[in-house]
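To keep things clear, I will list the structure first and then write my remarks on it.
The values are calculated or read from the model by the stated rules, or taken from the named source; none is laboratory data. In this text, all values refer to a predicted model and were calculated from it rather than measured experimentally. Here the Cβ positions follow ideal geometry from the backbone for every residue, glycine too, while neighbour counts run over all protein chains shown.
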Amino acid sequence: MVAPSQILVVDDDAVAADLLREVLTKEGYRVQTTTQGSEAIRMGTHAPFDMVITDLKMPDVGGLEVVRALRRKSPETIMIVITAFGSFETAIEAIQNGAYDYISKPFKIEDVKVTVQRALNQQRLIRENLFLPTEASEDLPLETVIGNSPKMLEIYKLVARVASTDTTVLIQGESGTGKELIARAIHNHSRRAEKPYVAVNCAALPEGLLETELFGHTKGAFTGAWTNKKGLFLEAEGGTCFLDEIGDITPSLQAKLLRVLQKHEVRPVGGGETIRVDVRILAATNKDLATLVQAGRFREDAFYRLHVVTINLPPLREHPEDIPLLANHFIKIACQRAKKSVSGISKEAMEILTQYHWPGNIRQLENVIERAVTLTTNNVLTPSDISDDLHPKEPARVPSSSDAMVTLEEMKRRYVEQILDQTGGNQSKAAEVLGINRKTLYRFSKRRESKNGNA
């Protein structure tokens, strides 16, 4: 019979620690708790645990220090960090200091159960030598990625895990969701961070020019090729090449890209020999490559080489809870550019932003904020500073039956008065033109005079 896993819960909030102990004990684990990071290090050093779940912010010794200390003592111990301060930097720092995962407060009990079970299953596989854990890389500068919604926190964790590898990554998402920002973050936190990062927009160049940009060319390869040209893959030697809008390249270029992905070599245009190249490829697209494969517009073999790890960025409308954080971040950037002092955004203006559907995603939000900061004369952005296109549209008023009667009555009145003017006030002639008898015209005139008198 397999002994139950030993888990240590560390949280300066005793209530939270007791809750986790109760939940995990019911799942069949043996659980101990402590409210101090220093005590956790002592306990873990004395008798290694299968798993340690630690809070990030604690008054004596923080969670990351607990992770580092216990990972040195027992590398096989699984570390999970719990924090109320979820961010991209938190995810990267926690995971690359040795944490398996991290959970944001307030957490769902079911999510904790699933994370613990998945982590312990991985630990069992490691002990059976089915695969080896990767080494954590050194801390490197990060691009600013904003958002603390559950969707974005999952993205952060995936980026943190893939950054320290050389795996090809495909980043998918609508235009404006921040695909290149994610690519830069992966590069900046990889072992290639000190090497070149080269980006090219595949949709912006025609096939012939894109081929020479990527692979280079030899002297005399075509008219105007006066010298040898080193392509971007060779320019990125030892580093990362980011291929944006990869879904727009032609099948012939896809075949040549496949050689780079499979054999790590390039052949310049006009050249007869291949050149070895050490470059990591990150690719991005706003198209569904699987659909393009089915339609015969993208090579299946190239797709599977790119599709090793896929990061799907959600559109902004699917994580609107990140809009306030993004908006305030963009206000600071816009103030620096415009040399203005805007301290924030009003509640009413923020409501406009959070209720909008953002077809242009984060890039559109940034542009809206930059325009507002540039044009405002206020210290705080108000609804009048937000582009009218974003304001909720009031539904058109449907005329009621009473509106229709008033309109019809008004039309009758104007027509009768026009005919009376044309006949010089002669009611007999006016009645003849209107096709009614004089008595009817007389009653109509009296009714109108009576209404005007009452008014």
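Taking the condition farther than 22 Å from GLU174 by Cα and at pLDDT 90 or above, does MET411 pass?
Numbers: farther than 22 Å from GLU174 by Cα: yes; at pLDDT 90 or above: no.
Against the criterion (farther than 22 Å from GLU174 by Cα and at pLDDT 90 or above), MET411 does not qualify.
Within the range 388-407, is there a residue that is at pLDDT 80 or above, surrounded by 13 or more Cβ atoms within 10 Å (Cβ to Cβ) and under 55 Å from the mean Cα position of the chain (by Cα)?
Initially, the range 388-407 is screened for residues at pLDDT 80 or above, giving 388-392.
Those left that are additionally surrounded by 13 or more Cβ atoms within 10 Å (Cβ to Cβ): 390-391.
Within this subset, residues satisfying the condition of being under 55 Å from the mean Cα position of the chain (by Cα) are 390-391.
Yes, that holds for at least one residue.
Yes or no: the range 133-141 includes at least one residue that is assigned to a loop (DSSP other than H, G, I, E, B), under 27 Å from PRO324 (Cα atoms), modelled with pLDDT under 65 and in contact with a helix residue (DSSP H, G or I) (Cβ under 9 Å, 6 or more places away or on another chain). Talk me through it step by step, then tell me what you get.
If we filter the range 133-141 for residues that are assigned to a loop (DSSP other than H, G, I, E, B), which is where we start, we get 133-141.
From what is left, the residues that are under 27 Å from PRO324 (Cα atoms) are 141.
Add one more test, that the residue is modelled with pLDDT under 65, and what stays is 141.
Then keep just the ones that are in contact with a helix residue (DSSP H, G or I) (Cβ under 9 Å, 6 or more places away or on another chain); that gives 141.
Checking the range 133-141: at least one residue is assigned to a loop (DSSP other than H, G, I, E, B), under 27 Å from PRO324 (Cα atoms), modelled with pLDDT under 65 and in contact with a helix residue (DSSP H, G or I) (Cβ under 9 Å, 6 or more places away or on another chain).
State all residues of the range 23-52 that are more than 36 Å from the chain's Cα centre (by Cα) and of a type in the set (D, E, K, R); if no residue qualifies, say none.
Scanning the range 23-52 gives LYS26, ARG30, GLU39, ARG42.
Please specify each residue of the range 40-59 satisfying the condition of being modelled with pLDDT of 90 or more and surrounded by fewer than 16 Cβ atoms within 10 Å (Cβ to Cβ).
Once the filter is applied, which keeps residues that are modelled with pLDDT of 90 or more and surrounded by fewer than 16 Cβ atoms within 10 Å (Cβ to Cβ), the range 40-59 yields only ARG42.
Quick one: which helices (runs of 4 or more DSSP H) sit completely within the range 172-242 and have at least 3 residues that are in contact (Cβ under 8 Å) with a residue 40 or more places away in the chain and of a type outside the set (Ser, Thr, Tyr)?
Numbers: elements: 179-188, 207-215, 232-235.
Correct list: 179-188, 207-215.
Quick grid of which residues meet (1) in the same structural domain as ALA183 (by TED's automatic domain parsing); (2) farther than 30 Å from ASN188 by Cβ; (3) touching a residue at least 24 places away in the same chain (Cβ under 8 Å):
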position: GLY28; (1), (2), (3): no, yes, yes
position: GLY37; (1), (2), (3): no, no, yes
position: THR83; (1), (2), (3): no, no, yes
position: GLY98; (1), (2), (3): no, no, yes
position: GLU110; (1), (2), (3): no, yes, no
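If only one of PHE298, PHE330, PHE303 is free of Cβ contacts under 8 Å to residues at least 24 places away in the same chain and touching a Leu at 6+ places or on another chain (Cβ under 8 Å), which one is it? Spell out how you get there, then give the answer.
On the way: PHE298 fails: free of Cβ contacts under 8 Å to residues at least 24 places away in the same chain; PHE330 fails: free of Cβ contacts under 8 Å to residues at least 24 places away in the same chain.
The conditions single out PHE303.
Could you list, in sequence order, the residues of the range 60-98 that are in a helix (DSSP H, G or I) and either modelled with pLDDT of 80 or more or closer than 20 Å to VAL31 by Cα (or both)? Lay out the reasoning, then the answer.
Start the filter on the range 60-98 by keeping residues that are in a helix (DSSP H, G or I), which leaves 63-73, 88-96.
Those that are in a helix (DSSP H, G or I) and either modelled with pLDDT of 80 or more or closer than 20 Å to VAL31 by Cα (or both): GLY63, LEU64, GLU65, VAL66, VAL67, ARG68, ALA69, LEU70, ARG71, ARG72, LYS73.
Return the residue satisfying two criteria in turn: it lies in the range 160-171 and is more than 12 Å from LEU282 (Cα to Cα) and either assigned to a helix (DSSP H, G or I) or within 13 Å of the chain's Cα centre (by Cα) (or both), and of such residues it is modelled with the highest pLDDT.
My answer is ARG161.
From the set of residues in the range 254-286 that are in a strand (DSSP E or B) and closer than 26 Å to THR227 by Cα, which is modelled with the lowest pLDDT?
Narrowing the range 254-286 to residues in a strand (DSSP E or B): 265-266, 269, 275-276, 280-285.
Pick out the ones that are also closer than 26 Å to THR227 by Cα and you get 265-266, 269, 275-276.
Numbers: GLU265: 92, VAL266: 89, VAL269: 84, ILE275: 90, ARG276: 93.
Going through the qualifying residues, I end up with VAL269.
Test LEU289 against the criterion of being aliphatic (A, V, I, L, M) and at pLDDT 90 or above, and give yes or no. Talk me through it step by step, then tell me what you get.
Working: aliphatic (A, V, I, L, M): yes; at pLDDT 90 or above: yes.
The answer is yes for LEU289.
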